[in-house]
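Chemist: Got a structure here, written out as structure tokens. Questions coming.
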Amino acid sequence: MTLRTLLAACVLALGVTAPAHAIVGGNDASPGEYPYIAHITIDRAFQCTGTLVTPTHVVTAAHCTSISGPTLFTSVPLGQPGQLVELTIGAHKTPEPYLDAGYNGESGGEEHVAKSVSVAPGYLGVGSVASDVSVIELARPSAKAPVKIAGPGERSLWSPGTLATIAGFGVTEFEGDTPDVLQEARVPIVEDSVAAEAYPYLAPGVDALFGGFENKTQIGAGYARGGVDSCQGDSGGPLLVPASNGFRLVGDTSYGYECAEPGYPGIYGRIADSTLRPWIESVAPGSVSNGTTTTTTSPTKPKGPKSTSTTSGTASRSLR
């Protein structure tokens, strides 16, 4: 079994260029539709996606920003000493950073540099898929409108069967090409038992400590028939559910078997539940909604299949 995302840790540590992942079976997003989605590059070579949750904080996957897991030095970006983490927020056209100049003012979004990176305490580093969440603090506030993480009073918003929105700049098929613009798609949240049956382990021979689905820090979403999914380069990107006044963030793209394969839902960090949500709020105050709502109809029009793209060096979702 291959997972959809190759760990960023492996890519950075070994100097390997991993294939990029993008939304599979999706559509082009409209300009300005998702102002809070961030394109992230690490050392101008490795790409992920993220979500602005406060004016100064972006949620992404831990495997995008760390090769070692939590350390005493989480006040600086992890991965390797002096690692450069750059972001562009609210771009519509897929950003193409330069190796010598970053985005160079040409991304079409609001360009930022990370001030610090915090990795979820339960993330164990290379090979780990539990607690696959990190928070990037921006060096200066963003003027883009953030989206809040669903609060404890909004649990009904992300029940199994809820049609959730995924979006990113990743490839549009497994080991495929990156899209011209931001991609989006809809996938249903699945029962934990469905995700657990699909992923009893991460890969053959991998210890249960590092692989396999568990429902404290992971949530699955996808169609049984496959065809729509996040993919390489979408790592860290959002799993959004409709609320009465827009969207709530409930997950971040983590891993999966290739992309959009039948019987294998995508797996996302379970960031709106009681294990990860309090930690995120502790490092990103104001990121969690205090609302109490019930399930509503989607605030946006239904979308068809989508496609996305990434630069070389992106994470794959086998990790994505």
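Chemist: Taking segment 142-194, which GluC sites (Glu not before Pro) meet the DSSP loop condition and have no more than 16 other C-beta atoms within 10 Å?
Modeler: E175, E191
Chemist: So what are the ³J(HN,Hα) numbers for segment 128-140, from phi and the Karplus equation (6.51, -1.76, 1.60; θ = phi - 60°), rounded to whole Hz, Gly and Pro as x?
Modeler: Karplus values, whole Hz, x for Gly and Pro: 8, 10, 6, 6, 7, 9, 9, 10, 9, 9, 7, 5, 9.
Chemist: Shifting gears a bit: How large is ³J(HN,Hα) for each residue in segment 231-245, as worked out from phi by the Karplus curve 6.51 cos²θ - 1.76 cosθ + 1.60 (θ = phi - 60°), to whole Hz, x for Gly and Pro?
Modeler: 8, 4, x, 8, 3, x, x, x, 10, 10, 10, x, 10, 5, 10
Chemist: Collect residues whose amide H, placed 1.01 Å from N in the peptide plane, falls under 5 Å from the amide H of V85; neighbours closer than 5 in sequence don't count.
Modeler: When sequence neighbours closer than 5 places are left aside, the close amide H contacts are D43, A114.
Quick note: the coordinates plus some simple rules give every number you see, no bench work behind them. Just so we're clear, the structure is a prediction, and the values are computed from it rather than from any experiment. Positions of Cβ are generated from backbone atoms using ideal geometry, with glycine treated the same way; all protein chains shown enter the neighbour counts.
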